[in-house]
């Protein structure tokens, strides 16, 4: 069964990619648009043209996971099961600030963060990547701020000593900036709140199950189980 790892920009997607490569190797394919050379040849087409036939071709080629800038609303006809989607979300103000500094670093405009947020295209940029998905039924929902503790829920381990592709030296936003940003990121905040609740509940269940399994293994081995 093939899974789709949705990479929302600036949500630890590069770190996720490194972990996926380490685990799946040649069983990992990428999608970054029809003309991007990183995209697997079998799916070098617009997202809304990807069909079940494309997915079957990937599976026949031994692909287990596709990772990249994909939007479920275009893929649900080809892969209708929400349990086959994985996604990470990030605290909206931190996400917007990261994207702002990344954008200004690549192509400086001199605009302030406030001006950046006034542009509709920079508001609620995480929400479109989830549109069409019911998060409660989604196979994996992760929170970037908990990346290292949630990654093992996918059977993955982090590569290197920290997150990759992190924009350095970002100043912390003050209260005024946060209030200004919050008004322009309301949809992303609602999404993040839902995702956080789901992710924390699942992580607690994952930890409890792992603890129970370890306790069972110790008990079966005949060793004394600590109270």
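Against the test of being under 14 Å from residue 142 (Cα atoms) and free of Cβ contacts under 8 Å to residues at least 60 places away in the same chain, the options 83, 34 yield a single qualifying residue, 83.
Within the stretch 89-137, no residue satisfies the criterion of being crowded, with 18+ Cβ neighbours inside 10 Å, more than 16 Å from residue 171 (Cβ to Cβ) and modelled with pLDDT under 95. Answer yes if at least one residue in the stretch 29-43 is surrounded by 21 or more Cβ atoms within 10 Å (Cβ to Cβ), modelled with pLDDT of 95 or more and more than 18 Å from the chain's Cα centre (by Cα), and no otherwise. Within the stretch 29-43, one or more residues are surrounded by 21 or more Cβ atoms within 10 Å (Cβ to Cβ), modelled with pLDDT of 95 or more and more than 18 Å from the chain's Cα centre (by Cα).
The values are calculated or read from the model by the stated rules, or taken from the named source; none is laboratory data. All figures in this text were calculated on a predicted structure; none of them were measured in a lab. Because the Cβ atoms are built from the backbone with ideal geometry, glycine has one as well, and the counts that use them run over all protein chains shown.
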